[in-house]
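Here, each number is a calculation from the coordinates, and none is a lab measurement. This is a predicted model, so every value here is computed, not measured. Here Cβ is always computed from backbone atoms with ideal geometry, including for glycine, and neighbour counts include all displayed protein chains.
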Amino acid sequence: MMKSAELDKLARRHGISLTRPSPENREVVISAATKRKILSALNIELTEDQEPGEPRRKAKPDGRKIPVSFLPDFLSDTRVWGVSLQLYELRSARNWGIGDFQDLADLADLAGSLGADFIGLNPLHAPFLADPDRCSPYEPSSRQHLNPFYIAVDQVPGFAGNPKLEQELERLRQCDLVDYIGVARTKLGALRDLWSARRQRRVDDEADFDAFVAQGGDSLRLHALFECLSAFMVERGAGAGWQRWPAELQRFDSAAVGDFEREHADDVRFHMWLQWLAHRQLKQAADRARKAGLRIGLYLDLAVGEAVDGSATWSEPDIYVSQATIGSPPDPFAVDGQDWHLAGYLPSEIAGGEISPYRRMVGTAMRYAGAIRIDHAPAIRRLFLVPLGSRPDSGAYVRYPEDRLLQILAEVSAEHRCLVIGESLGMIPEGLQEDLATAGILSYRILSYEQDEKGFKPADAYPVLALACISTHDHQTLAGWWRGADIQDRCEHGIVPPDLTEEHLKHRKRERRYLKAVFNAAGLDVPPRLTAARASQEALQDLTVSAYRFIARTPSLLTSVRLADLTDEKAPTNIPGTSDSYPNWKPKLSVLLEDLLSVPLLKRVTAAMREERPRFASAARMEIDRGRNE
C-alpha cells in the first residue's frame, strides 16, 4: 500500500486538490480512498515504486500572457440586447409539436424588426434519438453533433403531407408539453420516407451531402452508427445507452460492431443525412438572423459534459473520464453535494492531439454562432469529479489545463468571429473571474444573484465585459420569483424541507424590499404597495418592464430578454433537483410565434430595450458608462 505522503504527492502531481469546501465554507480533507479512486479515474496507475517524475501541469508562471478571445468591433461603442429561449418551447401554426429551425429563422426576422442583436438558445447538441423522453439539453449524447428533432420536416425537399399526418401534427401542436415520443415517431417516420424516396431518384445536392460526410469523417460515421445500434437495442429491450448493451457492442472497434455496420450501411447513411439536414437548416437560420440585422446572430449554449452512455463516450472512450462523473461539492443549497452524472474529458486529453477534443467541441457550435455560452465556466480551471458508486461528498476537484483551453477559445473564436460568455455561478476558484475577463470572456450576471450585504447592486456596479439578464432556464420568471413560486416548488418537490422553506420565504420578503429600493434609487417605476400577496398581473408586468430597464442601464455589453418573461409563463422550464416529479425541458410557451407581436408585455419590454440600448449608441455615452464602472 502506498504511503500517505506518497499518495498525496501523486495526487497533487496529477492536479487533484487534497481538500474540498463544506457547506460551512471550511476546507475538508478528502480521504485516501477518494484520492485512489480519482487517480484511477484519471488512468493513473498506483505503484509503490512509481517515480515522481515531472509534473504534467506546472504552476503558472507570474506575468503569463493570457490570449484574448474575439470581440466584435461594434461593441467598442455600443451595448446590445437580444432574446433568449429554449428552441423546443416555441409554438407555431406550422411546426410539428416542437420548435424547429424554421421557427428559429422566422423568430430571427421578428427579433430583427424589434431591434435585437442576438437570439440565445439552449444547447442544440445531439440527444438519444432512440430514447426521446431523455430530453435534457444539458445531458446530450454528443456535443459534436446536432439535434435532428429540430429539423423542419416540411422544409425538406420532396415533402408532401396528407390528412392523417396533419391530424397527428395538430394533436402534437395542441399539447402544452412537448410530446417527445410522439414528435420522434412522427418526424423520424416522415424523414425515413423522404430518405427512401431520395434513394430512388437523382438529386441535385448529392455532391454537397457527400462533401459533408467526407468532412465529418469518423466522428460523423461513428455517431450515425451509434444511433443505428441504439435504435436496434431499444427494439430488443436493452436501452438506448451503450452501457446496457452486450459486451461485444460496447466497443466501437469490435468485430461485432463492424459486422453490424456492414449489414446496416443504408441506415448509417440515413443518420448522417439527418445530421446534414440539421446542419443546413441551422446554417440557414443563422444566415436569416444576419440578414435580419442581428449583428451577433445566434448565441448557443454549450453543456459542461455528455451522457456517460451516449454516442460521444462510445465513439471516443479514451478521451473521457470513465470511472467518475462531473458534479459539485456540498454547499448551503445542496448540503450533500451534487452528482450531475455527466462524463467529462480527461485533463490529459482535453487539449491534446492535432485537433483537440475541446477545439472540436467549441468549433461545432461556433460555426453557426456569433456568441457561445460555456455552461459552468469554472471547468476551464477545474472540475469536481465524483467516483462511480460514491456519494458526491466523496468527490474531489481536479485541475484542467486552463491556459491551453483559453488559448483554444481565443484561436477558435477568432477563426469564427464568435464572442465567448462564461457562466460561472456558485463556487468560483480564486482568480478565475479575473483570468476570464483578461481573456475577453464575458461573465454572466443574473439580477437575483447580484446582491451583497446591502441588498441589490446598483446598475452601474455591473461589469462592462458581461451579459446581464433577469433569469435563466433554471429559474422562475421575474413574476414567479416575486411570488416565491420557486421556493414553493422546491418545497413541493421535496428538495428543501418545510422549516428551511419558511426561512427562504422570509429572505425573499427582504429581497423584494431590496429590489424595490434599488429600482427606486434608479428612478424606475415600482407599483405602489406591491407585495407577494397583492401582486396583480398588471403590477407584475409593470415590475417586469422596470426590471428590464434596470439591466438595460448596466454598462454590460450584452443584455438578454427571456421570452418566457414576456409571455408570463407559469410553468418553469426546469426545476433543478427534480427528475420524475416535474416535466423538465417539456413546457411550451403559451403564445404562438405568429401571435408574439400582439403580446402587450413583449411590446412594452422591447420598446424599453430600444430606448435604453439604441442600435447606435454614441461613443460619449459608452465612455460615461465605463467611467461609472471603474
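Sites listed here are trypsin sites (Lys or Arg not before Pro) in the stretch 519-612 whose DSSP assignment is loop and whose Cβ has at most 10 other Cβ atoms within 10 Å: 529, 534. Going by the alpha-carbon gyration tensor, a ≥ b ≥ c the square roots of its eigenvalues, is the stretch 113-263 rounded (a/c under 1.5) or, if a/c is not under 1.5, prolate (a/b greater than b/c) versus oblate? Judged from the Cα gyration tensor, the stretch 113-263 comes out rounded (a/c under 1.5). Extension gain, residue 290 to residue 414: 0.36 nm times the residue separation minus the Cα-Cα distance gives 42.8 nm.
Built from the Cα atoms of the stretch 329-436, the convex hull projects on average onto 7.3 nm², one quarter of its surface area. Between residue 64 and residue 388, what FRET efficiency follows from the Cβ-Cβ distance if R0 is 45 Å, with the result rounded to 0.05? Efficiency computed from Cβ-Cβ geometry: 0.80. Each residue, residue 335 and residue 193, gets one label point 7 Å from its Cα in the Cβ direction; the gap between the two is 5.7 nm. Here the extension length gained between residue 133 and residue 201 equals 21.0 nm, from 0.36 nm per residue of separation less the Cα-Cα distance.
In the chain, helices alone account for a calculated mean residue ellipticity at 222 nm of -12500 deg cm²/dmol, with every DSSP H run of four or more residues adding -39,500 (n - 2.57).
Per-residue 3J(HN,Hα) values for the stretch 422-434, derived from phi via the Karplus relation 6.51 cos²θ - 1.76 cosθ + 1.60 with θ = phi - 60°, read x, 7, 9, 7, x, 7, 10, x, 4, x, 5, 4, 5 Hz in sequence order (x marks Gly and Pro). If every alpha-carbon in the chain counts as one equal scatterer, what log10 I(q)/I(0) does Debye give at q = 0.07 1/Å? Listed by q, the Debye log ratios stand at -0.46.
Taking 0.36 nm per residue of separation and subtracting the Cα-Cα distance, full extension of the segment from residue 506 to residue 454 would add 17.1 nm. Sorted ascending by nearby beta carbons within 10 Å, beginning with the fewest, 390, 598 become 598, 390. The ranking of 195, 96 from fewest to most other beta carbons within 10 Å of each one's beta carbon is 195, 96.
For residue 415, what is the net charge nearby, where nearby means another residue's Cβ is under 15 Å from its Cβ and Lys, Arg count +1, Asp, Glu -1? Result for the neighbourhood of residue 415: +3. Here the label points at residue 492 and residue 251, each 7 Å from Cα along the C-beta direction, are separated by 5.1 nm in the simple model.
Using only alpha-carbon positions in the stretch 442-614, the gyration tensor eigenvalues give semi-axes of 24, 21, 16 Å once each is multiplied by 5 and square-rooted (largest first). Within the stretch 184-259, the trypsin sites (Lys or Arg not before Pro) that combine a DSSP coil assignment with at most 16 other C-beta atoms in a 10 angstrom radius are 201, 202, 236, 251.
For a modelled paramagnetic label at residue 154, 7 Å from Cα along Cα-to-Cβ, the residues of the stretch 78-101 in reach, with backbone nitrogen under 17 Å, are 88-101. Using C-alpha pairs under 8 Å with a sequence gap of at least 6, the mean separation divided by the residue count of the stretch 384-472 gives a relative contact order of 21 percent. The distance from the alpha carbon centre of the stretch 236-290 to that of the stretch 296-337 is 21 Å, rounded to a whole number.
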